[in-house]
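Participant: Dropping a structure here in structure tokens format, bear with me for questions.
The values are calculated or read from the model by the stated rules, or taken from the named source; none is laboratory data. Fair warning: this is a prediction, and the values are worked out from it, not measured in the lab. No Cβ is skipped: glycine too gets one built from the backbone with ideal geometry, and neighbour counts run over all protein chains shown.
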Amino acid sequence: MLRLPDFTYIRPKSLKEAGRLLAELGPEAMAVAGGTDLYPKMKRGQFTPRYLVSLRFLPELRGIRPGSKEGMWIGAGETLTVVAKNPAVNKRFPALAHAAGSVSTPALRNMGTIGGNVFVDTRCNYYDQTFFWRQAAGFCMKKDGDICLVAPKSKSCLAVFSSDTAPVLCSLGAVALLAGPDGLRKLPFEQIYRDDGMHFVTKRDDELLRAILIPRAAFGQRNVYLKLRRRGSFDFPVLGVAAAMALDREGICRSARVVLTAVASAPVVVEEASRLLEGKKVSREMIEAVAEAAAKVSHPVDNVDLDYWYRKRMTRVYVKRALAELTGLKLETEKVPQEPVKDEKGP
Amino acid sequence: MREKKFSVIGKPLRKVDALAKSTGDTRYADDLELSRMLYGKLLRSPLPHARIRGIKTDRAAKLKGVYAVITGADLPERFGIMPSTQDEEALAGEKVRHVGDPVAAVAASSEAVAEESLKLIEVDYEPLKPILSIEEALACTEESERIHAWNRRANIQKAVSFEFGDVVQGFAQADQIFEDTFFFQGNAHLPMEQHCALAQYGPEDKLTIWSSTQTPHYLHRALSKVLKLPMSRIRVIAAPVGGGFGGKSDPFSHEMCASKLAMITGRPVKFTLTREETFYVHRGRHPVKMWIRTGVKNDGTLQAMHFRSFLDGGGYSSYGLATVYYTGALQTVSYKLPVYKFEGVRVFTNKPPCGPKRGHGTPQPRFALEVHLDKIADKLGIDPVELRLKQLVEPDSITVNGLRVSTTGLRECIEKAAARAEWKKKFHQLPYGRGIGFAASAYISGAGLPIYWNGMPHSGVQIRLDRGGGITVFCGSTDIGQGSDSILAYVVAEEFGVDPADIRVVTADTDLTPVDLGSYSSRVTVMTGNAAIQACRKLKEMLFQVAGEALEVPVDDLEMAEGKVRSQSYPKRAISFAECVEKAETKFGTLGATGSYSPPKYPANYKGSGVGLTPAYSYSASIVELSCDPETAEIKVEKVWIAHDCGRAFNPLLVEGQSEGSVYMALGEALMEEQVFRKNGLHKFPSILDYKSPTTLETPEIETILIETNDPEGPYGAKEAGQGFLLPVIPAVANALFDAIGVRIDELPITPDKVLRALEGRLKPVSVPSFDFPPPIKWRPGEGVEVPQKS
């Protein structure tokens, strides 16, 4: 079998100590919480840390406080299972519960944390391979090489952002609480990511995610997450659509946000959604227009499961369906160009 | 003996190994640990096609913890499962033929050290142009472009051609002629257990190997050849196999290397493949392109068929010689076909070798045939179920290609499946986006001929009776999870009238058990069952004799039941089985008996007639109901009905288990699984996460309908119940999709992007290469003589 290489496992007692250890040990160290992504990657030689600093037992990262003054506070160390099953999360943010509950498999959700999922490494089927395979293929720039094998002319890495929970958090305007050497810093999730498969997180290396704060402003918003993948379990998203919308009593849209995942190296905010929908009573035509706009900014490439042509096509369908679900508008199923043969004969 | 009711056969009993497996007690090959054991690793080629200029192993050999390093020079003898295509090497000597082809092996104190040492081996490769598709292989006919040197035409492993009846006349009699092309993509077995072998070489110069193999006897022969040790010095034990599906039926490099390294180091050596390596070892489903042309009367009666198949074999022959024949053999055994022409070719490509996977070479043509018939039915305006029912092969008949059909329950399979699924109510009647599809099939219950030509039994069973009434059954058969150990216990329990739990079954150990050819071609129940019955009946004769004397009852009034030997007329006149054994041993001496089985003789005698022969054909019919979202083209299979003629269900629970496993596997092949490669010959995703195989969530409700035809050749009438179920499900999916949304997908797997393209009229038909097939071997029924023939 593939063996886990030797490493030193360190279990600090506090978040502060963890931060200090990571700073001291430098690039040879990595933080580990659930380890569900990290350990397999160590076996395949994608990550080669000498030290692992465990965040798993830190009390500061625990707890879900549904009604704190600023909003809902979710400890970064809570497992995906806990987040997916939490009653308050389910009541206010079913999109988040669904996203967390759709990550991988039940066993891995019992180990994997929400903090781990928002920063889960970008994926690419030239990169998520063993050392043997990557050596045979010729290494890529994300690990051990200097070119992108998906698009050799590309200057940056095209690995795919594959978090399910991050697009939902972006759509809800959630904020990351980052613990650094100088204390806590707040950074909206929308600003944390960068469309670069190698450096997709803008937070500093000496900062650790302590918690996620979903602001009170998001409390009344309708929200939904739709995920495209081949199977009902195991699979990472190959397209995800998170949508959140505030409707007032007259049914006027007060805020609308649509965020895509797995179609670039970072979550993609569909700016047109806010522009087209806010201040208006949402119609079918508007939904179609937003879906069209989303498809324009969706740029899947051929490096994860399912045809990229298909994934781009599905962006429009999934956005349409997400907005239909939020507004309760019934959409007509797309007309199929070809007349079905059985209709010719008729029943 | 009078007919009596079964006491064990037909009951939903627990498998004999069920508790051990569910409690984790079963020790698979990788669970075995021996003292002083070393760990082996193979260095595999990163190139798809290259000449080896040299290998330097001295740095690796000097690494602390490394005990031995071997290369092709240490194991030069070639091997392979088929005697006439021995083209594999334990370690590549002159050249590598696919990414993952092994070139060197090490034995070290730990897996980590072994892995580390591989990095120190330097191989000097001269890259050669890789051939990665059927078309490329057929086009690369220059001597310089050869993958192998031994075959006659460059890159053609085997080309075959048959003509049964007058094809020109057959097509001339047809009212209409239909033509289609299909592609069945390759896919992998994906058993949960990765291959493992542990070898030990003792001071008496005897080798013992425990391996996760489906064919210990063939491994025994191959090891003897490669290691140059007499078979009498080699003991092969098949450890409990954690899933085979055909993927553990070849002799493998890691088995040879574990043995050789054990001989060199004097220590036990274990190799356990990684998941990635199993994709390189492969032997999975062949990618096959197919062309089919059929002449029919306006009422749908088949007049003539011409079928061509093009198999992508990968880098080695493996079972390919048989596979190419299998893609043409069984088209004739389900529907009456008066004239049939078949041409097939298997090419070498620089990809992992393909081999047998559940259905071996028949799911591909079955997919083509059943979708083709569905199209014909649609164009003629005939219900596809009716089209089949009007021309089913009759029982006790001989097909146009000389295959003998004994019993067939296909009519009952089709009628019952159609009734249970409410076919008439649903076909063409479901709303757009939901559809129902039908297909039928046939499969063999064991290959009629062994892999290597010999006149010995295909299966042997030995039974020993203990003074305490204990019964031990010895047989070379290999339980790969299908339940063959249980089958032996059921048969012997049925014969001796005892509880199967009281029987000890010792299997798959070449030192202890008589030869059984292995767990392939759905042969085990029929062959071991018959052999076991024969052995039991020899012993029963002795037991009845002493019981008759003791009870003063005529022998023909005696029966064995409820742990007793008793009078059928006066059941109270009885002695216990144990007491009877004691008396018999007193009279006859130590009690033991053997039984064996060889398949019957066959009607055809043309060259190539050996493939497709079997003691009995199983039949299956399947109906699939699915929904397809017309916007996303995502397919959800709602329900699968599967009716299967298994002759007799020894244990309906086990048969249903095989049915459900087959349906699950079929849905994976139909909808998502594909063994695909990049331009550099690298498998695109050799991992269990990225190679998409369905989960329980994608598995629909499955309704299994068992049909019992009580075949005269089968033990208690049984036929196969392991592979046949898979066959009709795949075309039924494709046919159901057409009923749902009106598009045909003629290339597997049926993925959403293909469906969407088809909906937009942008899916291209499958292209089929042109090839100059050899002149056909012509044969007509009645021309043969009643002798088995070497294939």
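Participant: Here are some residues: B:Gly381, B:Gly344. Which one is farther than 17 Å from B:Val733 by Cβ, of a type outside the set (A, V, I, L, M) and crowded, with 24+ Cβ neighbours inside 10 Å?
Facilitator: Every option except B:Gly344 fails the conditions.
Participant: Still on this structure, I have one more. Can you pull out every residue in the stretch A:131-173 that is over 24 Å from the mean Cα position of the chain (by Cα) and in a loop (DSSP other than H, G, I, E, B)?
Facilitator: Answer for the stretch A:131-173, where residues must be over 24 Å from the mean Cα position of the chain (by Cα) and in a loop (DSSP other than H, G, I, E, B): A:Gly138, A:Phe139, A:Gly145, A:Asp146, A:Ile147, A:Pro152, A:Lys153.
Participant: Separate question: State all residues of the stretch B:613-662 that are within 14 Å of chain A (Cβ to nearest Cβ) and either of a type in the set (Lys, Arg) or part of a loop (DSSP other than H, G, I, E, B) (or both); if no residue qualifies, say none.
Facilitator: B:Asp629, B:Pro630, B:Glu631, B:Thr632, B:Ala633, B:Glu634, B:Lys636 - these are the residues of the stretch B:613-662 that are within 14 Å of chain A (Cβ to nearest Cβ) and either of a type in the set (Lys, Arg) or part of a loop (DSSP other than H, G, I, E, B) (or both).
Participant: Then there is this: Quick check: is even one residue across the stretch B:764-781 buried (at least 20 other Cβ atoms within 10 Å of the Cβ), away from every other protein chain (no Cβ under 14 Å) and touching a residue at least 60 places away in the same chain (Cβ under 8 Å)?
Facilitator: Within the stretch B:764-781, one or more residues are buried (at least 20 other Cβ atoms within 10 Å of the Cβ), away from every other protein chain (no Cβ under 14 Å) and touching a residue at least 60 places away in the same chain (Cβ under 8 Å).
Participant: Which of the residues spanning the stretch B:520-558 are buried (at least 20 other Cβ atoms within 10 Å of the Cβ) and among the charged types (D, E, K, R)?
Facilitator: Within the stretch B:520-558, B:Arg523, B:Lys540 meet the criteria.
Participant: From the list B:Ala531, B:Ala535, which one is out of contact with any Pro (no Cβ under 6 Å at 6 or more places or on another chain), closer than 30 Å to B:Tyr325 by Cα and not in a strand (DSSP E or B)?
Facilitator: Only one candidate qualifies: B:Ala531.
Participant: What do you reckon, is A:Ala23 surrounded by fewer than 15 Cβ atoms within 10 Å (Cβ to Cβ) and of a type in the set (A, V, I, L, M, F, W, C)?
Facilitator: yes
Participant: So which strands (runs of 3 or more DSSP E) are wholly in the stretch A:1-60 and hold at least 1 residues that are β-branched (Val, Ile, Thr) and over 27 Å from the mean Cα position of the chain (by Cα)?
Facilitator: Result: A:8-10.
Participant: What residue, among those in the stretch B:37-82 that are part of a helix (DSSP H, G or I) and not charged (D, E, K, R), is nearest to B:Leu682 (Cα to Cα)?
Facilitator: Filtering first and then ranking leaves B:Gly72.
Participant: Then there's this: Restricting the search to the stretch B:673-728, which residues are part of a loop (DSSP other than H, G, I, E, B), free of Cβ contacts under 8 Å to residues at least 12 places away in the same chain and β-branched (Val, Ile, Thr)?
Facilitator: Result: B:Thr695, single match.
Participant: If a residue must be under 30 Å from B:Gly359 (Cα atoms) and small (Gly, Ala, Ser), how many such residues does the stretch B:573-617 contain?
Facilitator: Looking only at that region, the number is 9.
Participant: Before we move on, is B:Phe271 modelled with pLDDT of 95 or more, closer than 15 Å to B:Ala222 by Cα and touching a helix residue (DSSP H, G or I) at 6+ places or on another chain (Cβ under 7 Å)?
Facilitator: Spelling it out, it is not the case that B:Phe271 is modelled with pLDDT of 95 or more, closer than 15 Å to B:Ala222 by Cα and touching a helix residue (DSSP H, G or I) at 6+ places or on another chain (Cβ under 7 Å).
Participant: Which one of these is out of contact with any strand residue (DSSP E or B) (no Cβ under 8 Å at 6 or more places or on another chain), exposed (fewer than 13 other Cβ atoms within 10 Å of the Cβ) and hydrophobic (A, V, I, L, M, F, W, C): B:Leu19, B:Leu13?
Facilitator: B:Leu19
Participant: Of the conditions (1) outside any helix (DSSP H, G or I); (2) small (Gly, Ala, Ser); (3) within 38 Å of the chain's Cα centre (by Cα), B:Ser569 fails just one. Which one is it?
Facilitator: (3)
Participant: Here is a list of conditions, (1) within 30 Å of B:Val524 (Cβ to Cβ); (2) buried (at least 20 other Cβ atoms within 10 Å of the Cβ), and B:Pro752 meets all of them except one; can you say which number that is?
Facilitator: (1)
Participant: Quick test for you: out of A:Leu15, A:Leu55, A:Leu4, pick the one residue that is outside the structural domain of A:Cys140 (by TED's automatic domain parsing) and in contact with a Phe, Trp or Tyr (Cβ under 9 Å, 6 or more places away or on another chain).
Facilitator: Matching residue, one of A:Leu15, A:Leu55, A:Leu4: A:Leu4.
Participant: Can you tell me which residue is nearest to the chain's Cα centre (by Cα) among those in the stretch B:411-447 that are part of a strand (DSSP E or B) and within 14 Å of chain A (Cβ to nearest Cβ)?
Facilitator: It comes out as B:Gly437.
Participant: Okay, next question. Name every residue in the stretch B:672-692 that is surrounded by 20 or more Cβ atoms within 10 Å (Cβ to Cβ), under 14 Å from A:Asp235 (Cβ atoms) and facing chain A (nearest Cβ under 9 Å), in order of residue number.
Facilitator: Answer for the stretch B:672-692, where residues must be surrounded by 20 or more Cβ atoms within 10 Å (Cβ to Cβ), under 14 Å from A:Asp235 (Cβ atoms) and facing chain A (nearest Cβ under 9 Å): B:Met672, B:Phe685, B:Lys692.
Participant: For the stretch B:750-762, does any single residue satisfy the condition of being away from chain A (no Cβ under 14 Å) and either farther than 30 Å from B:Gly10 by Cβ or not in a helix (DSSP H, G or I) (or both)?
Facilitator: no
Participant: With the condition kept exactly as written, say whether any residue in the stretch B:287-306 is surrounded by fewer than 24 Cβ atoms within 10 Å (Cβ to Cβ) and within 14 Å of another protein chain (Cβ to nearest Cβ).
Facilitator: Checked the stretch B:287-306: no residue is surrounded by fewer than 24 Cβ atoms within 10 Å (Cβ to Cβ) and within 14 Å of another protein chain (Cβ to nearest Cβ).
Participant: Give the stretch A:129-184 a look and list any residue that's closer than 30 Å to A:Lys16 by Cα and within 13 Å of chain B (Cβ to nearest Cβ), or say none.
Facilitator: Of everything in the stretch A:129-184, just one residue is closer than 30 Å to A:Lys16 by Cα and within 13 Å of chain B (Cβ to nearest Cβ), namely A:Ser162.
Participant: Could you check B:Thr472 against (1) in a strand (DSSP E or B); (2) buried (at least 24 other Cβ atoms within 10 Å of the Cβ) and say which number it fails?
Facilitator: Against the list (1) in a strand (DSSP E or B); (2) buried (at least 24 other Cβ atoms within 10 Å of the Cβ), B:Thr472 comes up short only on (2).
Participant: Look through B:Gly717, B:Gly742 and report the one residue that is surrounded by fewer than 24 Cβ atoms within 10 Å (Cβ to Cβ) and within 14 Å of another protein chain (Cβ to nearest Cβ).
Facilitator: Only one candidate qualifies: B:Gly742.
Participant: Looking at A:Arg50 and the list (1) at negative phi; (2) surrounded by 15 or more Cβ atoms within 10 Å (Cβ to Cβ); (3) not assigned by TED's automatic domain parsing to the domain that holds A:Thr130, which single condition is not satisfied?
Facilitator: The single condition A:Arg50 does not satisfy is (2).
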